[in-house]
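Every number here is computed from the coordinates shown, using simple stated rules; none is lab data. Every value quoted in this text rests on a predicted model; they were computed, and no experiment measured them. Note: ideal-geometry Cβ built from the backbone for every residue, glycine included; neighbour counts use all protein chains shown.
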Amino acid sequence: MNTASGFIKALESGTKHLFIKRFTLRYPEQKLKFVGDGYQFDPKKGVGIAGLRGRHILFHDKCTGCQLCSIACEGIAEAIAMVKVDEQWKQNKKSIMPQIDYGKCVFCGLCVDACPFYALYMTNDYELSSYTKQHLIYTPSQLAIKPIDNGDVELKIGSRGATHG
Amino acid sequence: MAGETASQFLPILYLFGFGIMAGISSIILSRLLSQRRRYNPIKFLPMECGNIPTGEGRAHFMMQYYSYILMFVVFDVMLIFLYAWAVAFTSIPKEATLPMMGFLGIMFAAMGYALFLAGRKGIW
Amino acid sequence: MGALNPDFRFGNFVGSIIQLVLFILAFVTLLILPIIFFMLFFVPLPVVDGQVLTPYLFFSMMVDPSRTLPIVQFLIHTDLFRAAVFPGFAFGALVAASTIFIERKLLAKMQLRIGPLYAGKIEGIFQLLADGLKLVSKEIIVPSGADKMIFWLAPIMFVSTSAAVVALIPVASGWVAADVDVGLIAVFAILGFFPLIILLFSWASNSKYPFIGGLRALHQMVAFEIPFLLSALPVVIFSGSLNLSNIALSQNLFWNIFVMPINAFVFFISSLAELERVPFDLPEAESEIVAGWLTETSGMIFGLIQLGNYLKLYALAGLFVILFLGGWYGPQIFPQELIPGASASEDPLLRMVALEGLYNPVTINSIFWFTVKTFGIILLMLITRGINPRIRIDILLHTGWYKLIVLTFINLFIVLTLIYGGILGPEGLISAR
Amino acid sequence: MNQPSDFLIVAAVLISIGIYGIVVKRNALRLIFSIELIANAVNLVIVAFSRMLPNPQGQVFVLFSIAISAAEVAVGLGIMIIAYRFYKDIDVTEYKNLKN
Amino acid sequence: MIDNKSEIELKKKTILLSKDILNSVVEKFGDRIKVIYDKRNRSKIMVDPEIIVETAIFLRDNHGFDHVESASGTDYPKEDQIEINYHLGSYVNPDLFPYVLVLSTKTNRDDPKTNSLINILPSVEYFERETYEMLGVYFIGHPRNERFLLPEDWADIPPLRKDFRLKGR
Amino acid sequence: MSSLDEKIDEAKKLSMQIVKESDEDKLMTLSVGPQHPGTGHFRFIIKLDGDYIVYVNIDPGYVHRGEEKMCEYRNYFTNIPHLERPVIHDSANITYSYSLAVEDLIGITVPRRGQFLRAITSELDRINYTLYWLAIYGIFLGHSTMFMWPAADRELVLDLLERLTGHRITHAFNIPGGVRNDMPNNFKEKCLSQINYLEKRLKEYEHIFYNNPLFRQRTEGVGILSKEDAIKLGVTGSVLRASGVPYDIRKVEPYDIYNEIDFNVQYMKTCDSFARAYIPFLDVRESCHIIRELLDKMPESGDVREKLLSNIKGPPGESFKRVESGRGALSYHIVSDGTSRPYRVKISTGSFRNILALPFLLVGSMLGDMPPIYWSLNYWPIEADR
Amino acid sequence: MADALFVGLSILTVGSAIISLESRELLYGGIALAVSLLGIAGFFIILDAPFVAMFQIAVYVGAVAVLVIFTVMLVRSPNTVTKRETVKRKVAGIALGLAFLALIGSLIGNSVISQLGFSDTVPVVEIKEIGRELLTYYSPVLIVLAFTLAGSIIGALALARREDIEEKNEPA
C-alpha cells in the first residue's frame, strides 16, 4: 500500500506541474534586471557597494595612472595592462590608463577595490563575447563607455509558481 | 490451395518490406549526405570512456541471470498451450479445464523450484 | 557527393535540392509522362465503378472532382494501400512522430522547461524534421572490429520488425493491414524477434558497454514476455478468438478493463518494459553503462532504432486499446452526413468536399476513438517517464517473474469464477452477444 | 508444385542435411543444430500430412513435438555449458571423461 | 546574545582537556616528544619518526583520536627536513569534537622515509599517497606508494618541494 | 594422426594453459570514466563478475591543478579568486575556511555584521551546491524530472547570490577581514520570499523523488557504511551524519556567528545510500531555517569588513581552521614564514576524505548500485583533485 | 503465386540450413538456424496451420534461437586454432546424407503420395478445434508433457549452475 500511495503521490505531483508556470529565462529575448549600476567601491569606508561584477567602466577624468589596479591583478589574472593614451589630464601626467583583456579577466573586482580615486568601477554589462581574442581587449576609450542597461525581467513568485516576467 | 491463410499474412511481409526500404533508403541517403573523415583511427575505436580499449569487446561474459533465459524457453511453451486452451474455452465442456489446471499446477511447481534456484545468486 | 565541402551553407543545400526537384519535374512532364500516356493506350486498364481507367480520366477529374472518389475508394481497399498508408506504415510513422513531439513538449512542461522552440515558428513544431536532417547528415561510425554485416542489418531489421507489428493492429472494423486469425499470438511471436536483434547488435558492436546493455535488454524482455502474454489470456477467454478485430468487436457491451483491471495494469507495465522506457530503461542506463546497447550507434543508425522504438510504442499502445479499452468503441459523435444534403446536390465540388461514398460515419468515428484512446495510453506512458527513476536489474527480474505473474493469475481466476458463476461469458447474465 | 510430395522432399533434404551434420561435425553446438533441423523436418512432414488428410490431430502432435524439442534444447545446452566449463572447449571429441 | 559564561566554561574545559592529553603523552614518551604549541582547540606535538606509530596507537586507544582531518607535509629546505603533519580528530569522544591535535614528525629531506599510519588510522590512506606523490616521502608499510593525482607521465621532482619552481614565477 | 594435427593440438594445449593461468575469462574489466556520463572528471576501474563488482581501483587527478602550489606564489588576498575554482557552486564556503585560517594567523576578528553576511552567503551556497548535487543524483538514477527541478530552483538562490555578491558563482565575496560589500537595499524581503518559496518546492521533491518507491528500492539498504566503518575511514559531512554520528562543524566547533544560531544537526542511523541522499536535502531545509534566523538577528548597520593592507604579512606560525561545507569539513592548514605569501597551504576537502569509502562500498555490490553509491558520497571530483 | 512462395521458402530454408552447419562463424550458424526455422514456420502457414506456425516462431525464434545464440556468445572458444573436419568424415557424411535422400526420394516417387494432392474443398482447421483436441482426447498427454517440461527445466538449471565455483569459494 505504501508503494501504491508513493506512486500516486508522485503522479499527482508530476501532473500538477503541467499547470505550473515555466521557469526558464529565454535569454536573448529576455534579460535580467539588476539592482544597481554594478559593483563599486568606496575607498574611504573601505567597503564595496553591491552590484553585478560585469565589464569595467573607467572614468578618464579621475584616473591618475597610478597602476594600483594593474598591481592588484598581478597575482590573479594579469588582465590589466597600463597603456599610453592620447588624452591630456592634469591628474594623469604619464597619460597611462588601464587596458583590460577580458580573455583573461576573472571578474573578481579586486582591481576596483584597489583604486583609491573612484576611477574604476564595474557595470552590468556581461555580454562580452566576440569572434576573436583581439576584440576582447578593451582599450581605455572603450572602457569609458557607459553600457546601456536593457534588462527587462525579474524573478517573480506568483500563485502558479516562480517565473521570469 | 494455400491461398487464404498465406494471403492473410502477406501484408505483414509488405510492412516488413516497407521497413526495410525505409531503413536502407535512409542509410543510403545518410551515406550520401554525411561527411566521411577517416584519417583518425582513434575515432573508430570502441567506446571505453576515452581510454584505449583493453581486453576483448566480446568477452565471455555471463550475468548471474542465465537461469532466467533457460526458464523462458520452457515457460514460453507453456504459455502457448494456455492460449490454445483459452481460445477453445467457450466451446469445450467444463471438465476439460481440469487437465489444464493440472498442467498449470505442475508447471507452477517447477517454476517455483526454478525461481528458487535462480534466486540463489551464489551459484550462478 | 561523398562529403560536403567545409564551407557548407544550408541555403545552398536547400537551393540545390530545389533545383534538383525542378529538374526532375521538368524531365517527368516532358519525357516520361508522354511515354506513359502513349503506353497506356495499348495496355488494358482495370474497370473501376463502371468506368475504365484511362489517362483521360485525369482531365475529366479536373472538371468534375467528384469523379476521383470511386478511384480513391478502389485504391484504399487494396492491400498495398492498407499496408503502406492508412492503418499501416505511414499512419504508424505519423503517430510515432507526433509521439516524439508530444513527449518532448510534455516532459518539458512537467520539468518547468520550454522544450523545442525555434525550429518551426510555432513552439518548435518542426524540431523532429530538424533532428532528422541532423541525423541524416551525421557520419555513421562503425567501430573497428565490429561485425559489419550485423551492425548494418540489425537497425534495419529493428525498424522492419516494428513495422510488422504495426500491420496487425486494427484501427476500425475491417481496417487492418493484416487480418490474421491468430493475430494476438502473431504479435507476441513478432515481438520475440526484438531480444534477438538487440543481442546480435550489441554483440556486433565489439565493445563492452553495448554488450552489457544487450544482455540486460535480453534478460529484461525475456522476463517480461511471460506476464505480457499471461495478462492477455482472459481477454482471449472472453472473446474466444485470437483475431484482434474479433477481440475488439467482443467488447461492444463493456470494456475489458472493467473486468480485468489488474491484467490491464500488468500489460501496461510489461509493455513499458518491452519498450525499454523509464523506469525500465536499464539497457540504456547512461550513468552505469554509458548508453547501453546504443553506445556505438551514431547518425542514422541511431535514428532508425529510435523510429523503430516509437513505432513499437504505437503498436503496443494500440494493442492495449484493442485488448482492454474496448478497441474503437465510443459514442457516435460524427454526423450521418458530413455536409447535410450534399449527396443530392448537383455541384461536383460540394460532393467532393462531402466525400460522398467515401465518408462512413461509423468508421470515421471508430478511427477517431481509437486514435484518442491510443494517444491517452501513450500519454500515460510518457508521464510515467517523467516521475520515475530507473530500477535495478534484479528488482526488475523479481518483479517480472514473481509479482506480475502472480497478479495475472489472480485476475485469471477471478475471470474464471465470473464465467463459471454464470455472470459473464456467452451464456452469462451480461452476455456480449 | 505445391503437392504433399514437394513438402516431403523438402523435409527429406533437411533431414539429410541434419544427418550429414551429425556424422561430420564435432562441435557440440553444430550437433544440436543438426538435431533441431531433423526435428523440424519431421514436424513439417506431420503438418503436411495433417493438411492432406485433413485432420487437426497432426497439428496437435506438432505442438507436442515442438514443446519437447524446446525442452531438449534447454537440457542439451545445459549439458554443453557444464562440459564447456570443464574442458574449456565445445569439441565433442574432447569430452573424454563423459564416457566413463 | 552571546552566552559569555558558557563560552568561557567551554574554553576552560577544552584547555583542561588539551593539557590533560598533552601531559599524558609527554608522561608516556618522555623527552622524545616536544609540545610545539597549545592554543585553543589546537595543539601540536613533534615526535621522533621512530615512535610515531606508537604515539598514534596511544592517542587512538587512550584518547579516542580515531581519524585524521588532514595529513600533509611541509618542505623546509633550509633545515634540510620535511615535516609530516597528521591532524588528528575524534568522532567517538564528544568532548574532543572541536579539538584537533597535530601529530608531526620530521624526516630527512634527501631520503625521506617514515612509518605509515595506515594500519592504525585507515583514513590516512589517500592523504599519505598524496604526500608521497607531492613531496616524495616514502611511507613504510603503505601498500600503494604510487602515482595518484599527477599525470601518468610526470617525470619531474615532486611538485610541492620548494625547489620545484612554477614556470614563469 | 598427422603431424599437422599434432601441432594444432600442441598449440591448443598451450593456449589453454595460458587461459587457465590467467583465469580471468569470467571477469570483465570496465573503465568507468573519465568520459562517462556517470562519473564526471574522475575514473575508476572496476572488474565485474557477471553483475557483481569484485574489484575497484580509483584513479582521480584528471582535473588536478596544484592549487596548493599556486597558493605559495600569491599573497593572502590574491589567493582568493583561484581558491574558489575547485567548487564554483560552493565558493563561499571554500573561501570562508581560508579567510578564517588567515584571520586566525594574523589575529583579527571580523565585524559582527560581516559575520552575519558571511554566514548568509555560506548557507545560500550550501543550498546552491546541494541542489546541483541533487539534480545530478536524479539523473544518475534516470529521473529526468529530478534533474530539471533542482536545476531550475537553484535559480532562486543564484538570484539572491547575484544581488548580494555580484556573481552567481565564484563570488570572491569572503576575504580575510570580512566581506567585500554590504547587502543591497530590500535584499532582506527578497531573500525571505524566495527562501519561503524554495521551502514550498522542497516538499514536491519529497513526493516525486524521496518517497518514490522505485527510488527507495534502489537506495534503501544499498551501500551500507556502518558507524564503525565511517569513523574508521574518517568520512565527513553528510556521509558521516548518515552513518549516525551527529558531527557538524557548525555545531561542534562554532565559527563566527554560528554559536548564536539555533539549529539542529541532521543525522540518520540507517547508514545506507538513502540516508546519504536524504541528509543533504534535510540540510537544505535547515539552511533555509538558518537564513531566516540570520536575517532576523542581523544588526541593522555596522561595518562588514576589517580594513587590512593589501599585502598583509602573517606572523610566523601556523593555523588550522575548518568549516562545514556542502560536502563536509573543509579545512585549511596554513603555514606562514612571516612574508606576505603563505609558506604552505594544505586544503583538506570533504570530497577527498569521502572518496575513501567508495572502493569499500562498491566491492560486492551490483553494477546497478554503482551510481547511487558513488554519488551519495557527496563527491565533487574537482574539489578532490584541487 | 503460392508456387513462387513455396520455391522461395524452400530455397531459404534449405540454404540457411546448409549455412547453419557450414558457416565459419558459429554465431552466423546460429542466425542461419533461426532463419531456417522461420522458413519452416512459413511452410506451416502455407499448409494452413497458422497457430502451429506462430508457435514455431514464438518458441524457436523467440526462445530457442535466443538461447542458442546466447550460448554461442558464452562459449566462443578462446583458441584461435580451430580443428577442421577430416576429409574422410566429410565424404562419408555427404554420402550418407545423399543415400538417405535417394532412398526417401525413391520411396516418395514410387508411392501413392506423389499422386495425392491437397483438396481445396476441406475447411481449414480452426484453432478452437486444436484446443478441444488438446484438452479432451489428448489431455493425458498434456499432463505428461507438463512433467517433461518441469523435469527439463529443473534438470537444465541443475546442470548449468556453477557448483565448482561455489565449492572453490567456500572457505576450507
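Could you work out the percent of alpha carbon pairs in chain F separated by over 32 Å, rounded to a whole number?
For chain F, the fraction of Cα-Cα distances above 32 Å is 38 percent.
With viscosity set to 1.567 mPa s at 4 °C, what whole-number translational diffusion coefficient in µm²/s follows for the range C:216-258 from Stokes-Einstein and a Kirkwood radius over Cα pairs?
Translational diffusion coefficient: 111 µm²/s.
Going out from 0 in 5 Å bins, what whole percent of all Cα-Cα distances in the range C:303-433 drops into each bin?
Result, from short to long distances: 2, 8, 9, 10, 14, 14, 12, 10, 8, 5, 4, 3, 1, 0 percent.
Suppose every K and R has +1 on its Cβ and every D and E has -1 on its Cβ; what is the size of the dipole of the protein assembly as shown about the Cα centre, in Debye to the nearest 20?
About 2320 debye.
Rg and Dmax of the range D:4-89 over Cα atoms: what are they, in angstrom?
Values for the range D:4-89 (Cα only, Rg and Dmax): 15.3, 50 Å.
Given the options F:THR145, A:LEU52, G:GLY8, identify the residue whose Cα lies farthest towards the positive end of the charge dipole of the protein assembly as shown (+1 on Cβ of Lys, Arg; -1 on Cβ of Asp, Glu).
Sorting the options by dipole projection puts first A:LEU52.
How far, in degrees from 0 to 90, does helix D:4-24 lean away from the longest principal axis of the Cα atoms of chain D, to the nearest 10?
Compared with the principal axis, the helix lies near 10 degrees.
Just in the range E:51-87: which GluC sites (Glu not before Pro) are loop by DSSP and have at most 10 other Cβ atoms within 10 Å?
When the GluC sites (Glu not before Pro) of the range E:51-87 are filtered for loop state and at most 10 Cβ neighbours within 10 Å, E:GLU79 remain.
Helix hunt in chain C: which complete DSSP H runs extend at least 27 Å axially by C-alpha with mean Kyte-Doolittle at least 1.6?
C:148-167, C:299-324
Tell me which of A:TYR118, B:MET47, F:TYR343 sits at the most positive position along the dipole axis of the protein assembly as shown, charges placed on C-beta atoms (Lys, Arg +1; Asp, Glu -1).
Towards the positive end, the residue furthest out is A:TYR118.
Have a look at A:GLN30, A:SER129, A:SER70 and report the one farthest towards the positive end of the charge dipole of chain A, computed about the Cα centre with Cβ charges (Lys/Arg +1, Asp/Glu -1).
A:GLN30
Of the GluC sites (Glu not before Pro) in the range E:93-161, which ones lie in a loop per DSSP and count no more than 13 other C-beta atoms within 10 Å?
Answer by residue number: E:GLU146, E:GLU152.
What residues qualify as long-range amide H neighbours of A:PHE117, i.e. H under 5 Å apart, gap of 5 or more or another chain, H built at 1.01 Å from N?
Under 5 Å from the amide H of A:PHE117 lies no amide H from a residue far enough along the sequence or on another chain.
Quick check on the range F:228-381: take the gyration tensor over C-alpha atoms, sort the square-rooted eigenvalues as a ≥ b ≥ c, and tell me if it's rounded (a/c under 1.5), prolate or oblate.
oblate
Treating only the Cβ atoms of Lys and Arg (+1) and Asp and Glu (-1) as charged, compute the dipole magnitude of the range F:272-357 about its Cα centre; round to the nearest 20 debye.
In debye, rounded to 20, the range F:272-357 gives about 420.
From the square roots a ≥ b ≥ c of the eigenvalues of the alpha-carbon gyration tensor of the range C:81-420, which class results: rounded (a/c under 1.5), prolate (a/b over b/c), or oblate?
Oblate, because a/c is 1.5 or more while a/b does not exceed b/c.
Using a 10 angstrom cutoff on alpha carbons, build the Gaussian network for chain A and name the most mobile of A:MET97, A:MET82, A:MET122.
A:MET82
Please list, in order along the range F:279-287, the HN-Hα scalar couplings obtained from phi with the Karplus expression 6.51 cos²θ - 1.76 cosθ + 1.60 (θ = phi - 60°), rounded to whole Hz, x for Gly and Pro.
Per residue, the Karplus-derived 3J(HN,Hα) values read 4, x, 5, 5, 4, 4, 4, 5, 5 Hz.
Would you order A:GLU12, A:GLU29 from fewest to most other beta-carbon atoms within 10 Å of each residue's own beta-carbon?
Arranged by neighbour count, lowest to highest, A:GLU12, A:GLU29 become A:GLU29, A:GLU12.
Scan chain C and report its longest stretch carrying no GluC sites (Glu not before Pro) that are both in a DSSP loop and have at most 12 other Cβ atoms within 10 Å.
My reading of the result: C:1-345 is the longest stretch.
What's the center-to-center distance, using Cα atoms, between the range C:184-215 and the range E:51-105 in Å?
The range C:184-215 and the range E:51-105 have Cα centres separated by 57 Å.
Which residue, C:SER345, C:SER60, C:SER16, has the most motion in a Gaussian network model of chain C that connects Cα atoms within less than 10 Å?
Highest fluctuation of the listed residues: C:SER16.
Assign unit charges at the C-beta atoms only (+1 for Lys and Arg, -1 for Asp and Glu), then state the dipole size of chain C relative to its Cα centre in Debye, rounded to the nearest 20.
Charge dipole, chain C, about its Cα centre: 820 debye, nearest 20.
Roughly what % of Cα-Cα distances in the range E:4-111 sit above 19 Å, to the whole percent?
Result: 45 percent of Cα pairs exceed 19 Å.
On average, how many beta carbons from a partner chain sit within 10 Å of the beta carbon of a residue in C:285-296?
Mean partner shielding for this stretch: 6.
Spelling out what I want: for every residue of the range F:322-331, take phi, set θ = phi - 60°, compute 6.51 cos²θ - 1.76 cosθ + 1.60 (Karplus), and round to whole Hz; glycine and proline get x.
Rounded to whole hertz, the list is 9, 10, 8, 8, x, 10, x, 5, 10, 10.
Calculate how large, on average over all directions, the projected area of the Cα convex hull of the protein assembly as shown is; give the answer in nm² to one decimal.
Over every viewing direction, the Cα hull of the protein assembly as shown projects on average to 70.6 nm².
Which angle between 0 and 90 degrees, to the nearest 10, do you get for helix A:2-16 versus the longest principal axis of chain A when only C-alpha atoms count?
60 degrees
Pick out which of F:LEU160, F:LEU294, F:LEU309 has the largest mean-square fluctuation in a Gaussian network model of chain F, springs linking Cα atoms closer than 10 Å.
Answer for the Gaussian network model of chain F: F:LEU309.
Under a Cβ-Cβ limit of 4.7 Å, which cysteines in chain A have nobody to pair with?
Among the cysteines of chain A, those whose Cβ sits 4.7 Å or more from every other are A:CYS63, A:CYS66, A:CYS73, A:CYS105, A:CYS108, A:CYS115.
Report the Cα-based extents of the range G:1-50 along its three principal axes, largest first, to the nearest Å.
Answer, in whole Å and largest first: 35, 19, 10 Å.
For chain B, what does the helix formula give at 222 nm: sum of -39500 (n - 2.57) over DSSP H segments with n ≥ 4, over the residue count, nearest 500 deg cm²/dmol?
-22000 deg cm²/dmol
Please compute, for peptide F:67-79, the average count of beta-carbon atoms on other protein chains lying within 10 Å of each residue's beta-carbon.
4
Too long at a 22 Å Cα-Cα cut-off: which of F:LYS69/F:LYS313; A:LYS16/F:LYS269; F:LYS227/F:LYS346; A:LYS45/A:LYS84?
A:LYS16/F:LYS269; F:LYS227/F:LYS346; A:LYS45/A:LYS84
Apply the Karplus parameterisation 6.51 cos²θ - 1.76 cosθ + 1.60, with θ equal to phi minus 60°, to every residue of the range F:335-341 and state each ³J(HN,Hα) to the nearest whole Hz, in sequence, with x for glycine and proline.
Per-residue couplings from phi come out as 10, 10, 10, x, 8, 7, 10 Hz.
C:THR371 versus C:ASP64, label points 7 Å from Cα toward the beta carbon: distance in nm?
Result for the modelled spin labels: 3.1 nm.
Hey, can you grab everything whose amide H is under 5 Å from the amide H of E:SER70? Only 5+ residues off in sequence or another chain; H modelled, so Pro and N-termini drop out.
Placed amide hydrogens put E:HIS87 under 5 Å from E:SER70.
With an 8 Å cut-off on Cα pairs and a minimum separation of 6 or more residues, tell me the relative contact order of chain D in percent.
Relative contact order here is 28 percent.
Of all trypsin sites (Lys or Arg not before Pro) in the range E:14-102, which ones are in loop regions per DSSP and have a Cβ with at most 14 other Cβ atoms within 10 Å?
Loop-located and lightly packed - E:ARG40, E:LYS78.
Taking chain F as the reference, fit the longest principal axis to its C-alpha atoms, fit the long axis of helix F:144-165 to the helix C-alpha atoms, and give the angle between the two in degrees, 0 to 90, nearest 10.
Its long axis makes an angle of about 30 degrees.
Could you work out the mean count of beta carbons from other protein chains within 10 Å of each residue's beta carbon in F:144-152?
Per residue, the average neighbour count from other chains is 6.
Compute the Cα gyration tensor for the range F:53-161, then decide on rounded, prolate or oblate, letting a ≥ b ≥ c be the square roots of its eigenvalues: rounded whenever a/c is under 1.5, prolate when a/b is larger than b/c in the other cases, and oblate in all that remain.
Taking the square roots of the gyration eigenvalues as a ≥ b ≥ c, the range F:53-161 is oblate.
Over the Cα atoms of the range A:34-131, compute the convex hull volume and normalise it per residue, giving Å³.
Given the Cα convex hull of the range A:34-131, per-residue volume reads 99 Å³.
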